[in-house]
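Since the structure comes first, as structure tokens, the remarks are kept for the end.
The values are calculated or read from the model by the stated rules, or taken from the named source; none is laboratory data. Just so we're clear, the structure is a prediction, and the values are computed from it rather than from any experiment. Methodologically, a virtual Cβ is constructed for each residue, glycine included, from the backbone with ideal geometry; neighbour enumeration extends over all protein chains shown.
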Amino acid sequence: MDEKQLRELQLKSLETLKEFIKFCDDNFLTYYLIGGCLIGAVRSGGFLPWDDDIDVFMPRSDYERLWQMWDSSGRFKLLRTTENVYTRSQFMTLCDTETTCVRELTKDLPIPQGITMDIIPLDGCPLSRFKRRRQKRHAILYSLYILDMLPQNHGKLSRIAASVFLKKSREKKIKLWKKYQAKMCAYRVKQSVYLTELCSGIKYMSNEYPIEWFGSTVKLNFEGIQVSVPIGYKEYLSMVFGDYMTPPPESEQHPAHGILFVDTEKPYTEALKDFKTE
């Protein structure tokens, strides 16, 4: 994508965020803008120039309520891996089905290929170090079975071990990811001292956020709208990104999600015909 296409993608993504925020406000669901968009909100009140998606946290209970309440029959469809749908993701995404966005990771899947935003659950942490290690082990097994693919960038031994675990039927894998999801989510947010993200990959599973950082929200401007961010957003950003006010080297200022093809004006059911003939 050139700068113009990326900006068009950002502005179209903003429509999804607005729809999501309205639904959360109407139904008393808590969310927090996070990641690069939160950095952008703090630095300049908008997207980082190279950012290509939107990420939010939701407490696990609100995350599950969203799944139960959202009506996916319209333009914005909530996607999640289930017994009948495979998304190659550990968390939910909200997809704008009137757009097209083909990513390297999901280009071969029979799911809506539109512009999406990521919705990541926050879970409680046990205080016991033994229980915490067990929780992370459960989270790794959950990710392995729900993703149903060999891990990338974790070494040859990890891939060999994963290949052994994945030699099971689809039905068995479904039972296992449900089993390990229940185990890793056993610690309720409101009863915990620390929170963590168990569906974002091994790198983030070790993060432990004091619950006070997410005890309430404050509003920041983001592209002309008011968005909710954790009251401890400065501490969160410092833990995850370090010196978040200093831009990374220019060599790292590029989209990070392997986007192959974008059409912000055509639904994927139409635009993919053009993509496949190129």
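Filtering segment 117-142 to residues that are over 30 Å from LEU9 (Cα atoms), among the charged types (D, E, K, R) and buried (at least 19 other Cβ atoms within 10 Å of the Cβ) leaves only ASP123.
So, in segment 197-225, of the ones that are touching a residue at least 24 places away in the same chain (Cβ under 8 Å) and among the charged types (D, E, K, R), which residue ends up farthest from LEU141 (Cα to Cα)? So the residue we want is GLU223.
Considering segment 36-53, and only residues there that are in contact (Cβ under 8 Å) with a residue 60 or more places away in the chain and part of a helix (DSSP H, G or I), the residue that is farthest from the chain's Cα centre (by Cα) turns out to be ARG43.
All of LEU94, LEU78, LEU6 fail the test of being assigned to a strand (DSSP E or B), in contact with a strand residue (DSSP E or B) (Cβ under 9 Å, 6 or more places away or on another chain) and more than 18 Å from VAL227 (Cβ to Cβ), apart from LEU78. Scanning segment 65-89 for residues that are surrounded by fewer than 15 Cβ atoms within 10 Å (Cβ to Cβ), touching a residue at least 40 places away in the same chain (Cβ under 8 Å) and charged (D, E, K, R) turns up just one, GLU83. When the test is whether a residue is closer than 20 Å to MET58 by Cα, touching a residue at least 40 places away in the same chain (Cβ under 8 Å) and of a type in the set (Asp, Glu), ASP96 passes it.
Among helices (runs of 4 or more DSSP H) entirely within segment 160-278, having at least 1 residues that are out of contact with any strand residue (DSSP E or B) (no Cβ under 9 Å at 6 or more places or on another chain), within 30 Å of GLU64 (Cβ to Cβ) and polar (S, T, N, Q) singles out 170-184, 233-241.
For segment 122-131, the criterion of being touching a residue at least 12 places away in the same chain (Cβ under 8 Å), touching a Cys at 6+ places or on another chain (Cβ under 7 Å) and within 23 Å of ASP25 (Cβ to Cβ) is satisfied by no residue at all.
Does PHE57 qualify as being under 12 Å from THR116 (Cα atoms), modelled with pLDDT of 95 or more, assigned by TED's automatic domain parsing to the domain that holds VAL227 and among the aromatic types (Phe, Trp, Tyr)? Let's see the steps before the verdict.
Details: under 12 Å from THR116 (Cα atoms): no; modelled with pLDDT of 95 or more: yes; assigned by TED's automatic domain parsing to the domain that holds VAL227: yes; among the aromatic types (Phe, Trp, Tyr): yes.
So PHE57 does not fit the description; no.
You will find that of GLN152, GLN113, the residue that is in a loop (DSSP other than H, G, I, E, B) and free of Cβ contacts under 8 Å to residues at least 60 places away in the same chain is GLN152 and no other.
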